[in-house]
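Notes follow the structure.
The values are calculated or read from the model by the stated rules, or taken from the named source; none is laboratory data. As the structure is a computational prediction, the values presented were derived from the model and not from experiment. Cβ placement follows ideal geometry from the backbone for every residue including glycine, while neighbour counts extend to all protein chains displayed.
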Amino acid sequence: MGGGFLRTALVLGLLSAIGPFAIDMYLPALPSIGQSLGASVHAVQASLMAFFISLGIGQIVYGPVSDMVGRKPPLYFGLLLFAVGSVGCALAPNIETLIALRFVQGLGACAGMVVPRAVVRDLHTGTDAARLMSLLMLVFSVSPILAPLAGSILIEALGWRSVFWAVTVLAGLGLLLLATSLTETRSPGQRVDSSFRGAVQAYGQLLRDRHFMGLVFIGAFGMASFFAYLANSSFVLIDHYGLTPRQYSIAFAVNAASFIGVSQFTGRLARRFGLAPMVKVAVTGYAVLMALLLAASLAGIDRLDLLLAMLFAGYGFLGLVVPSTAVLALDKHGAIAGTASALMGTLQFLTGVLVMGLVGWFVDGTARPMVTGIACCAAAAFVLAQLTLRGRGRAGGKP
């Protein structure tokens, strides 16, 4: 494995992680934000949903623009906008202002979500792309391991506003990294045929591509199940089970470590079995585990150790599903990789927001609404995998 391969994964992963840091550092603060600003649980969750909505919407623009002007200019713009939004959030006097500025912050952050995936496709396809994507996710996934713990420490020491000052500093570091360590992967010759009109036509082409859309929504429901956990876990684990913010951040990090650790086997398993067969097995394992967790919850078993153990095992399977479906979806769309990555990201984040909103309506102070949302998403991903990847053996996952 060459040094350039690892360096690219490191840079792309860190740029991708800046936005998620603004989510994961924020999670332990949700209860204290509500108390500080006199806001309800639903209002505080709306500040998280606003971030996700803008993450989804913004990608529709960033993707085609990155095809037209190159990969680096949209990243510069996005990081600057993210920094401005972060400063505004740190100074927000009320929940309404915080919600609005979280939307602005998300519009900046989504550049780091869509463009690195397009860079991966610029450089590699097939199992090499899967290997780079899994390495990128290894770096990217330091966020859900370290960010909640870092956030809880900052919150305890300096209050919840310090989280936003911290991510402002991260945006500055991202700009420095972008300027010094990432080369442009979209040549001027490749940009000639890219335009907004072409992007609209490409979106139409992609929306009619049943295989592409199936893969996108397998990943979307996988990610949405994690979004349901993101939006509700701090209230469930802190308010219902009585964990401290620091204990919550450790529990969150353990589940994230499962996702990250197993995702690192993606390249090896893809070479041996093919990407498509691997996805089918992984999504089946995830769906079965989440169905069992839901059954236990409906039977009245309300135990923190069971919840965390089942999620730990389930998110391990999910670590194989999310990067692999992204590689499979983009594999045949190299000429419009930015646009395809944007549509994929938009649909996945908006699916996640919809699931978060639906689960939020049924919040009752217990883990059951969260578990139900996770299990339903896992079941949807399973059904889509059987329909989309039916009959695809090793060849379905090979370049």
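Structural remarks
- Neighbours by Cβ (under 6 Å, 6+ apart or cross-chain): first from segment 272-283, within 13 Å of Leu384 (Cα to Cα); second charged (D, E, K, R): Ala276/Arg392
- Residue within segment 297-309 that is buried (at least 24 other Cβ atoms within 10 Å of the Cβ), at pLDDT 90 or above and in a helix (DSSP H, G or I) present: no
- Among the conditions (1) within 29 Å of Arg121 (Cβ to Cβ); (2) surrounded by 23 or more Cβ atoms within 10 Å (Cβ to Cβ); (3) aromatic (Phe, Trp, Tyr), the only one that Tyr76 does not satisfy is (2).
- Count - residues of segment 154-187 that are of a type in the set (S, T, N, Q) and modelled with pLDDT of 90 or more: 2
- Leu243 being surrounded by 15 or more Cβ atoms within 10 Å (Cβ to Cβ), part of a loop (DSSP other than H, G, I, E, B) and touching a helix residue (DSSP H, G or I) at 6+ places or on another chain (Cβ under 9 Å): yes
- Thr185 falls short on exactly one of the conditions (1) farther than 24 Å from Phe52 by Cα; (2) assigned to a helix (DSSP H, G or I), and that condition is (2).
- Some residue of segment 162-179 being surrounded by fewer than 18 Cβ atoms within 10 Å (Cβ to Cβ) and not in a helix (DSSP H, G or I): no
- Just one of the numbered conditions (1) closer than 25 Å to Ser234 by Cα; (2) modelled with pLDDT of 85 or more is not true of Gly360: (2).
- Residue in segment 361-375 that is more than 21 Å from Ile301 (Cα to Cα), in contact with a helix residue (DSSP H, G or I) (Cβ under 8 Å, 6 or more places away or on another chain), surrounded by fewer than 16 Cβ atoms within 10 Å (Cβ to Cβ) and not acidic (Asp, Glu) present: no
- Checked against (1) within 20 Å of Val359 (Cα to Cα); (2) free of Cβ contacts under 8 Å to residues at least 12 places away in the same chain; (3) of a type in the set (D, E, K, R), Arg268 passes all but a single condition, namely (1).
- Scanning segment 190-218 for residues that are outside any helix (DSSP H, G or I) and closer than 18 Å to Val61 by Cα, we see that the one that is modelled with the lowest pLDDT is Val192.
- From the list Ser225, Ser297, Ser249, the one residue that fits, being closer than 23 Å to Thr351 by Cα and touching a residue at least 40 places away in the same chain (Cβ under 8 Å), is Ser225.
- Of the residues examined, Ala39 is one that is part of a loop (DSSP other than H, G, I, E, B) and within 23 Å of Trp165 (Cβ to Cβ).
- Among residues that are closer than 29 Å to Gly365 by Cβ and in contact (Cβ under 8 Å) with a residue 12 or more places away in the chain, Asp24 is included.
- Hey, Ala313 part of a helix (DSSP H, G or I), modelled with pLDDT of 90 or more, farther than 12 Å from Ala118 by Cα and over 22 Å from the mean Cα position of the chain (by Cα) or not: no
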